[in-house]
Amino acid sequence: MEAPRIVVFDLGKVLVDFDYGIASRKIAARSSLGAAGVRQMLDHAPLLFRYETGSITKQEFYAEVCRGAGFQGSLEEFCGLFADIFWEIEDMIQLQAELKESGAPTYIFSNTNDIAVGHIRQRFPFFGNFSGYILSYEHGVMKPDPKLYEIVERTTGEKGASIVYLDDRAENIATAAARGWHALLHETPEKSRAALQKLGLPVAGNK
C-alpha cells in the first residue's frame, strides 16, 4: 500500500492544548460578569461560532463581550487575555518536525479565530513550519461542515487516501472518513505516532 502523501493536523488539543477557563477568570476580573458567565459566552457559544466563521470581526467580537460581560479593558488588553490560554503539546510538535524534516507536507486545519492565530504565530515558532493553513474564520465555515474539507483538498491538491488527518473530535473525523481520508482520532501522542508509522509515514517509533 502506498503511503499517504500529506498529513493534516487539527490545532487545538492536538498541537496545542488550551483552557478557556484561564481567559474567563482574567476577563471576569475586569468585568461585571463572573468567570462562569464569561466562560459561557466564550467556550463553544454562538458568539464564538460567529467569530470563528468570520461572521463578525475581532472588533465586533470585543464589542459584544464588552456589552455582554461589562468588560472594562481596551481591545488590546482583551486580545491578550483572550488568547493567552495555550501551551504546546511537545510530543506532537516533535512528530510534525520529523514529518517536515523527511519532506512530507503538513498542514494545519482548524476551527479558530484571528486573535488566537496571531498569538500562537507570535508565541510558538512551530506554527510557521507548515506547508499551509486552512482556518475556519478565513473561509466562513467550520468543521465538521464538508465545505471546509473541500477547501483542504483544493488547497493541498490532494484527496481521499492521499490525506492523513488527526483531530481530537469524533464528528470532525467522521466527515474526513466520509471523504475517504485516513481519519485518525487523536487520543495521545503515542497512539497518533504509532498510527502514522503503521501507514508508512517517516516517523520514528514510540520509545
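So, residue 116, is that one touching a His at 6+ places or on another chain (Cβ under 8 Å), at pLDDT 95 or above and open to solvent by less than 20 Å² (accessible area, probe 1.4 Å) or not?
no
Listed residues 61, 109, 126; which is touching a helix residue (DSSP H, G or I) at 6+ places or on another chain (Cβ under 8 Å) and over 23 Å from residue 145 (Cα atoms)?
Of the residues listed, the single one that is touching a helix residue (DSSP H, G or I) at 6+ places or on another chain (Cβ under 8 Å) and over 23 Å from residue 145 (Cα atoms) is 126.
Would you check which residues across the stretch 111-154 are in contact with an Asp or Glu (Cβ under 6 Å, 6 or more places away or on another chain), closer than 19 Å to residue 185 by Cβ and hydroxyl-bearing (Ser, Thr, Tyr) and list them?
Within the stretch 111-154, none qualify.
Give the number of residues within the stretch 176-201 that are buried (at least 20 other Cβ atoms within 10 Å of the Cβ) and assigned to a helix (DSSP H, G or I).
4
Out of the residues in the stretch 136-175 that are assigned to a loop (DSSP other than H, G, I, E, B) and in contact with a helix residue (DSSP H, G or I) (Cβ under 9 Å, 6 or more places away or on another chain), state the one that is most open to solvent (accessible area, probe 1.4 Å).
159
If you go through the stretch 145-158 one residue at a time, do you hit one that is within 17 Å of the chain's Cα centre (by Cα) and within 15 Å of residue 13 (Cβ to Cβ)?
no
Per-residue answers, yes or no, for (1) small (Gly, Ala, Ser); (2) in contact (Cβ under 8 Å) with a residue 40 or more places away in the chain:
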| residue | (1), (2) |
| --- | --- |
| 108 | no, yes |
| 125 | no, no |
| 139 | no, yes |
| 161 | yes, yes |
| 172 | no, yes |
| 197 | no, no |
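Counting only residues that are within 16 Å of residue 37 (Cβ to Cβ) and open to solvent by 20 Å² or more (accessible area, probe 1.4 Å), which one in the stretch 48-78 is nearest to the chain's Cα centre (by Cα)?
Among them, the one singled out is 64.
Could you count how many residues in the stretch 81-100 are over 13 Å from the mean Cα position of the chain (by Cα), closer than 12 Å to residue 19 by Cα and open to solvent by 40 Å² or more (accessible area, probe 1.4 Å)?
1
When you scan the stretch 119-135, how many residues do you find that are buried (at least 16 other Cβ atoms within 10 Å of the Cβ), assigned to a strand (DSSP E or B) and not β-branched (Val, Ile, Thr)?
Summing the residues that are buried (at least 16 other Cβ atoms within 10 Å of the Cβ), assigned to a strand (DSSP E or B) and not β-branched (Val, Ile, Thr) in the stretch 119-135 gives 2.
For every residue, the table says whether it meets (1) in contact with a Phe, Trp or Tyr (Cβ under 6 Å, 6 or more places away or on another chain); (2) charged (D, E, K, R); (3) modelled with pLDDT under 95.
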| position | (1), (2), (3) |
| --- | --- |
| 14 | no, no, no |
| 23 | yes, no, no |
| 29 | no, no, no |
| 38 | no, no, no |
| 45 | no, no, yes |
| 77 | no, yes, no |
| 83 | no, no, no |
| 93 | yes, no, no |
| 101 | no, yes, no |
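Which of the residues belonging to the stretch 22-40 are touching a residue at least 24 places away in the same chain (Cβ under 8 Å) and surrounded by fewer than 20 Cβ atoms within 10 Å (Cβ to Cβ)?
22, 30, 32, 33, 37
Which condition number does residue 107 fail, the rest of (1) open to solvent by less than 20 Å² (accessible area, probe 1.4 Å); (2) aromatic (Phe, Trp, Tyr); (3) farther than 27 Å from residue 22 by Cα being met?
(1)
The values are calculated or read from the model by the stated rules, or taken from the named source; none is laboratory data. It should be emphasised that the depicted structure is a prediction, and the values quoted were computed from it without experimental measurement. In this analysis, Cβ positions are derived from the backbone assuming ideal geometry, glycine residues included, and neighbour counts consider all displayed protein chains. Side chains are part of the model used for accessible areas, which takes the heavy atoms of the whole protein and leaves out ligands, DNA and RNA. Shrake-Rupley method; radii C 1.70, N 1.55, O 1.52, S 1.80 Å.
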